Amino acid sequence: MSISLRTPAAAVVTVLAIGLSACSGGSSDSSGSGDDGDWQPVTIEHALGTTTIEDKPERIATVNWANHEVPLALGVVPVGMASADFGDDDDNGMLPWVEDRLEELGGETPVLFDETDGIDFEAVADTDPDVILAAYSGLTQEDHDTLSDIAPVVAYPETAWGTPWREMIEVNSEAMGMAEEGDELVASLEEEITEAAEKHTGLQGKTAMFLTHVDTTDLSEVSFYTTHDTRAMFFEDLGLETPPSIADASATTDQFSLTQSAEQADAFDDVDIIVTYGDDSLVETLESDPLLSQMPAVENEAIVALPGTEPFGTAANPTPLSISYVLEDYLTALDDAAAK
């Protein structure tokens, strides 16, 4: 079953943002965020070092996926941010919930960093940032050190590409001097997710696994995200359970994905729902494969195929602004699969 995103209600992308915009004290058309008279230096420890932000940051840049959504949700327009390279349906470098939030704030489009071949350090430097946010990222030590020559850098707390959405908000907002507003945003999103998930009772007690991008030309192996990946983490927020097979495999590694021979696909007999990236043809390929078709979730057609070229393809990877935009559609797709 492949899914296309329905057009959401206009209010769905606002999250807590209108109220937080007032809290930030910054104007909607700039990256500034209030008086720094009571600013105290902020020190943040992360996987790549320790960063101290001595002065209240006025010009905020972000790199890698979705970090810009934290300042935007808090009413602050960054001076530069990574261009969207996944799910961008109109090729303007921004996902629709980012466009909507910028319009709400009345802000100009930030400089968009092309990260197709890695971080564009020169472009980041040209925005003259006071801080660079990357709490959810895959920065290498070399990336971090190079960026640190430009401005203080806040990297991921523990694992590359493994920062849960709550912690991404908490770390990035702390670096901005807006920790309290970040906590309010987390609480608001948690309430929204809980209320939405409670309406989908069919998910209760169901287990789910997330297959990585499937190579339909070679189905000899099954690749899947472990519980260290944010996509698998999000299942728990939505009321789903982690299959013992995935939990056991995840306990032996710190990697965000693993691969297993298709001949051992019966290990996933405890999986009720499969989520992956693809379309109807991918689903048909899985269902016709002599080994993978024996997996209960495949046999029952309990597959959610997320389109990689559309905004809804990002649904499984929760971010501060996308959660509200895609939540109901994602829950409905999962609920439909659970009913199979």
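Close amide H pairs (under 5 Å, H built 1.01 Å from N) link residue 206 with 241, residues at least 5 positions away or on another chain. Dividing the summed -39500 (n - 2.57) terms of all DSSP H runs of n ≥ 4 by the residue count of the chain sets its mean residue ellipticity at 222 nm at -9500 deg cm²/dmol. Between residue 216 and residue 201, the simple label model (points 7 Å from Cα in the Cβ direction) yields a spacing of 3.8 nm. Using C-alpha pairs under 8 Å with a sequence gap of at least 6, the mean separation divided by the residue count of the chain gives a relative contact order of 21 percent. The simple Förster model, with R0 at 35 Å and r as the Cβ-Cβ distance, assigns residue 281 and residue 160 a FRET efficiency of 0.65. Between residue 59 and residue 247, the simple label model (points 7 Å from Cα in the Cβ direction) yields a spacing of 5.0 nm. Dipole size in debye (nearest 20) for the chain around its Cα centre, Lys and Arg Cβ +1, Asp and Glu Cβ -1? Charge dipole of the chain: 560 debye, to the nearest 20. Span-like helix criteria (full DSSP H runs; alpha carbon extent of at least 24 Å along the helix axis; mean Kyte-Doolittle hydropathy of at least -1.0) are satisfied in the chain by 179-198.
With a Förster radius of 22 Å applied to the beta-carbon distance between residue 115 and residue 187, the computed FRET efficiency rounds to 0.10. Compared with the alpha-carbon gap, the fully stretched path from residue 328 to residue 288 is longer by 11.4 nm at 0.36 nm per residue.
Taking label points 7 Å from Cα along the Cα-to-Cβ direction, residue 128 and residue 86 give a separation of 3.4 nm. Mean separation of Cα pairs under 8 Å and 6 or more residues apart, divided by the residue count, gives the stretch 192-340 a relative contact order of 27 percent.
Where a number appears in this text, it was derived from the coordinates with a stated rule and is not lab data. What you see is a predicted model, and the numbers here were worked out from it, not measured in a lab. Neighbour counts are summed over all protein chains in view; Cβ atoms, including those assigned to glycine, are modelled from backbone coordinates with ideal geometry.
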